[in-house]
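Okay, so here's the structure we're looking at.
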Amino acid sequence: MSEATSSNRILWLPGSEQRFYGWDEYTNSRNASGVRVDSSSALKSTVVLACARVLAESVAGLPLHLYKNDTDGSKQIAREHPLYKILHQSPNQWQTSFEFREQAMLHLCLHGNFYSEIIPGATGAVSELYPLHPSRMKVERLENGRLRYKYREQNGSETLYTQDQIMHIRWMTDDGVNGMVPIELAKDAIGLARACEIHGASFFGNGARPGVVLKTDGELAADAAERLRDNWERMHRGVDQSHKTAVLTGGLTPVELGTTNQESQFLEARRFQVEEVCRLYRVPPHLVGDLTRSSFSNIEQQSMDFVQHTLLPWLRRFESAITRDLISDDTKYFAEFDTKGLLRGDAAARSSYYQTLWNLGVFSINEIRARENMNPVEGGDARFIQLNMQELGGDPVGQPEQPQEPVQPEPEEEPEETEPSE
């Protein structure tokens, strides 16, 4: 065994996941559907690929900033910190921040774990982050409570890492150390979805027929029967050969076997498996192209539910792992995703939202413009509140009591003069 070194070794090559080492040994067996489900074959199911892509691209596309807590309780983006560039721009020499987080989310969707080697350097304790493939990693908990990571290299050797050398993001876990594997827990549902796709491809690849028997009352030699079958398949197998006219001689009659796709409810089964896999990843079906139960009135609400109930738990896992593994020695700094852009709603909803908070003095004009990706304007940092409100039975809020002017007495009217009577 060798100690962890920083560079110039192959971390992972395509196809290397076939030699399983850690928690992916389940992939050597088939499930009840008869289809082998592993991290590679699961992605051949279009709905698994779509769900993984939606989650990976959504997490990777959100801005990720490093913030610093000020003494007055506010937070500021810490652009001067070396870790900011690693998280926000490029974590290593060959990946952008988008590509790094996209890969991390894909590993979590398939393996339930993401591992990255922490490379120290001249800029600090974290200079680069090298992703490690989870199928080649094994995690052990030592007697002192710390974790030890064993990674199987491409050449078969084993590299040991301490807990301080690995950034580890895990999915749900029942032992607190290893994230559970989603495609293992739902391998039957994924296998059935993949089996439906294979069946559909085979169905149309064989002339859109469940199976045909050529029947005759006479006897055929083995070589003659073989030639007859080959000629039939050559003339009628495949989508481009289907529905051609067949010429049968020698008393041959075709007999169709099996059930039709309508009788076996093939399309219904495929549609239900889309919902099953979406249920696994908690992805709204309309995001993977299934608009069966979606309409213009509920898609916006479903999209906001996706952010609140699907993305936010994943984002908190990323943020917590960054705080624990990369900046644990300084509590002034923390990482946070910016989800405001996904929760803005339509133009009418945003306008009402901004108007309400502007009237309360919560937002300034420039803060509203910043949320709409607009440049600030001069004098736009001032805040305003309405002053035409008052407590019940009290004076107007914020208005000083106005002195009352003295009431001038009205002049007395002089009595009318009357002429003396004679």
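The values are calculated or read from the model by the stated rules, or taken from the named source; none is laboratory data. These numbers come from a predicted model, not from an experiment. Cβ coordinates were reconstructed from backbone atoms using ideal geometry, including for glycine residues, and neighbour counts include every protein chain displayed. Just the protein is used for accessible areas: all its heavy atoms, side chains included, with ligands, DNA and RNA removed. Shrake-Rupley method; radii C 1.70, N 1.55, O 1.52, S 1.80 Å.
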Original post:
Residue separation times 0.36 nm, minus the C-alpha to C-alpha distance between residue 331 and residue 360: what's the value?
Top reply: 7.2 nm
**OP:** Please find the FRET efficiency linking residue 173 to residue 276, where r is the Cβ-Cβ separation and R0 is fixed at 35 Å, and quote it to the nearest 0.05.
**Re:** 0.90
**OP:** Express in nm, to one decimal, how much length is gained between residue 320 and residue 142 on full extension, taking 0.36 nm for each residue of separation and deducting their alpha carbon distance.
**Re:** 61.9 nm
Original post:
Taking R0 as 22 Å, what's the FRET efficiency between residue 40 and residue 180 from their Cβ-Cβ distance, rounded to 0.05?
Top reply: 0.70
Original post:
Do the alpha carbons of any pairs in 68/138; 68/187; 85/150; 44/85; 85/340; 44/150 sit beyond 32 Å of each other, and which pairs?
Top reply: 68/138; 68/187; 44/85
**OP:** At 0.36 nm per residue, minus the direct Cα-Cα distance, what do residue 162 and residue 304 gain on full extension? Give it in nm, one decimal, please.
**Re:** 47.2 nm
Original post:
So what does residue 332 come to for accessible area, using a 1.4 Å probe and Å² rounded to 10?
Top reply: 100
